[in-house]
Amino acid sequence: MTIRLLEFIELAFRQLFRRKVRVILTVAGIAIGVAALVGTVSLGEGIRTQAVEAIRTQSDLTLIEALPAVEGNTLQLVTATKASAAGSLPGIKASAPLVRSTFATRGQTYVQVVGLPAGSLDDVLISRFQKGRGFTAGSNEVVLGASLGQKLQRYEGARIGDPLVLIRRTYDAAGRPVDNETRVVPVGIMEERGDDFDQILLMDLSFALSLGGDEGGYSGVLLRTTGPDQVFPVAGGIRALGLSPRGSFEQIEAVNRMMDMVVIFLGIFAGLSLLVGGLMIASTMITSVYERTREIGIAMAVGASEGDVMEMILTECAVLGCIGGICGDLLGILFAFILNTLGGPFLASRFGDAFAGLLDSEIALVTWPLLAGGLALAIGLSLVAGLYPAWKASRLNPVEAIRSGR
Amino acid sequence: MSPPMVETRQLTRLYPGGVEALRGVDITIGTGEFVAIVGRSGSGKSTLLNILGGIDAPTGGFVSIRGKMLDYTNRKALIAHRRTTVGFVFQQFNLIPSLTARENVEYPLLFSYRPASERRKKAEVLLATVGLAGRASHYPGQLSGGEQQRVAIARALVSDAPLILADEPTGNLDSATSGEIFSLLRSLNKEKGVTLIVVTHERELADYADRTIGMKDGRVVA
């Protein structure tokens, strides 16, 4: 069977060689369609990869915070059991429960406070300090995020080692506000991280719990994954626990969602040109069947079944699609190469430093699956386009076909 | 006694529009016979040949090949009949222009799933038999009319079909070449024992045959 298919393929090449100009035009039609598809999808994939890479390098991707899920209108705090379950998910290197609350300073600066176990500064948050050090367990020492530290230094004259008063406002039974003051000592300012922790005041978890606020649970759990590959599985695990994952990976998800849409829309337009290629194949094959009516009649007279005739015509279509697909893939690679060689410098020169990264990176990303997909699509489309002419050929009356002058 | 190669009874063929090509044809042709069917254009001889070859179907009567009724409603049986029992030779030669002489000869075997080596060997032997050993690699366009018809005869023989049907095989050839083709058919009939039914409107060529069946207006005449 396979050998016969190879022989049918050889016959198909011979038949196609007889109609060179028409075949070249048809192949060009498919090739342009495939090239458009490969080009646009590779462009989309290139942009997606660039964006994801930028997020990976500029943010702390392996840090995830598991937040309580909202049930109805109430936030269900994370219980110790759930925090422990989240910390035991596969792919987690370290975890730490946290509590969040809001305070104000005497200078009316609102401060977001996060309470964390002291050890987690190193193993979960992996903090580096521009000044000072981390807080110690059970103390009233605090660490300031880079932006917050700068702000408090500039506007309130806060300094490392000098006590800082945090005010938490509550209301008494009569509804009058009562300000509770807490004295803390900043012992370190973290380096800039590029995330929310730049605005945060960090203190020891037990000290934070002693100040009140979230009761009967934690505001969330901070999780450090073993690597970037574990981020999405861990996020899935967190969702399975009924918690809500937050982190830089969401930006990647957002980019992926957006790029999926972009690639799909671009692909649809490119696919339209491929559709035109398919119509050209149908037209070419209908003409070919018409011109070879007698030959098909002869084949039937010497023993070809209807299935054999269909197989012969469809093999020709598949060969056409295959040649078109390969040419289209090559054109697509050429398109991507031109885009990567000339497009990057063009954008960089046009839009300045923001696009300087494009100079030494690939705007269009051609992958093997993409090329294989382009080829498969071309062959598949050709086969579909050939169904009608093949069916028509197989239904020919041998006597009339042989008598026809064609 | 072995059954005849071909037997038809009350064979009719009515075309849409009311044209009656065959009107109750009864013929019996023995195995190994060389029979010429003669008659004017429109007498129904080609229709008869097409029905015997399984590429057309009668509207009445029956055809029996080696004692077995041919079921024209059974597509698979008809395809098997065309693959193994009959070989066609046409007036227009009807070779595939993109295939060489050898490839044209082995073409029918492609549909019988025969191995390429066997097909090639068989085609070369048959080309030698019809005197074209040196023309195997030539394309039909590079061969004369007589040579093309010899290739077509080799193609008809390649499936070892016991029955060869030739429809005006010399209709497109000059008289000298026509004589050569009929001589070749005669010798193949003698040497290979194949049954030959040749349609012709040239009475003198019919003399090569063992006997002649005359046809007129869709009926067998004496």
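Since every read-out is calculated from the coordinates, none of them should be taken as a lab result. From a predicted model like this one, the values you see are computed outputs, not experimental measurements. Virtual Cβ from ideal backbone geometry, glycine too; neighbours counted across all protein chains shown.
Quick check: pseudo-label points 7 Å beyond the Cα along Cα→Cβ at B:Asp210 and A:Glu7, how many nm apart are they?
3.3 nm
With N set to the number of residues, divide the alpha-carbon radius of gyration of chain B by 2.2 N^0.38 Å and report two decimals.
Normalised by 2.2 N^0.38 Å, the Cα Rg of chain B equals 0.99.
If you take every DSSP beta bridge whose two residues both sit in the protein assembly as shown, what share of them, in percent to the nearest 5, is antiparallel?
That works out to approximately 65 percent antiparallel.
Once you keep just the Cα pairs under 8 angstrom separated by 6 or more residues, what percentage relative contact order results for chain B?
31 percent
Which residue fluctuates the most in chain A, going by a Gaussian network model with Cα springs under 10 Å, if the choices are A:Ala83, A:Ala66, A:Ala304?
Comparing A:Ala83, A:Ala66, A:Ala304 in a Gaussian network model of chain A, the most mobile one is A:Ala304.
Dipole of the protein assembly as shown (Lys/Arg Cβ +1, Asp/Glu Cβ -1, origin at the Cα centre): which of B:Thr212, A:Pro389, A:Val70 lies farthest to the positive side?
The one lying farthest along the dipole's positive direction is B:Thr212.
For segment A:280-328 and segment A:33-112, compute the distance between their C-alpha centroids and round to whole Å.
Comparing the Cα centres of segment A:280-328 and segment A:33-112, I get a distance of 56 Å.
What residue among A:Thr315, A:Thr225, A:Thr182 shows peak mean-square fluctuation when chain A is described by a Gaussian network model with Cα springs under 10 Å?
Ranking A:Thr315, A:Thr225, A:Thr182 by mean-square fluctuation puts A:Thr182 first.
Per DSSP H run of n ≥ 4, the term is -39500 (n - 2.57); total these for chain A, divide by its residue number, and report the mean residue ellipticity at 222 nm rounded to 500 deg cm²/dmol.
Roughly -18000 deg cm²/dmol at 222 nm, from the helical runs in chain A.
On full extension of the chain, what length is gained from A:Ser244 through A:Ser88, given 0.36 nm per residue of separation minus the C-alpha to C-alpha distance?
Full extension of this stretch gives 54.6 nm more.
Which number do you get for Rg(Cα) / (2.2 N^0.38 Å) in segment A:26-154?
1.65
Taking just the C-alpha trace of the protein assembly as shown, give me its Rg and Dmax in Å.
In order Rg, Dmax, the Cα atoms of the protein assembly as shown give 43.1, 133 Å.
Give the span of segment A:91-237's Cα atoms along each principal axis, as three whole-Å numbers ordered largest to smallest.
51, 36, 25
Using a basic spin-label model with each label point 7 Å from the Cα along Cα→Cβ, how many nm lie between A:Arg14 and A:Thr170?
9.6 nm
Defining a contact as two alpha carbons under 8 Å apart and six or more residues distant in sequence, what relative contact order in percent does chain A show?
Averaging sequence separation for qualifying contacts and normalising by length gives 29 percent for chain A.
Once you put a point 7 Å from the Cα of A:Asp162 and another 7 Å from the Cα of A:Ala54, both along the Cβ direction, what distance in nm separates them?
So the label points at A:Asp162 and A:Ala54 sit 4.0 nm apart.
Take the cross-link list B:Lys45/B:Lys190; A:Lys93/A:Lys131; B:Lys76/B:Lys122; B:Lys122/B:Lys216 and give me the ones stretching past 32 Å between alpha-carbons.
B:Lys122/B:Lys216
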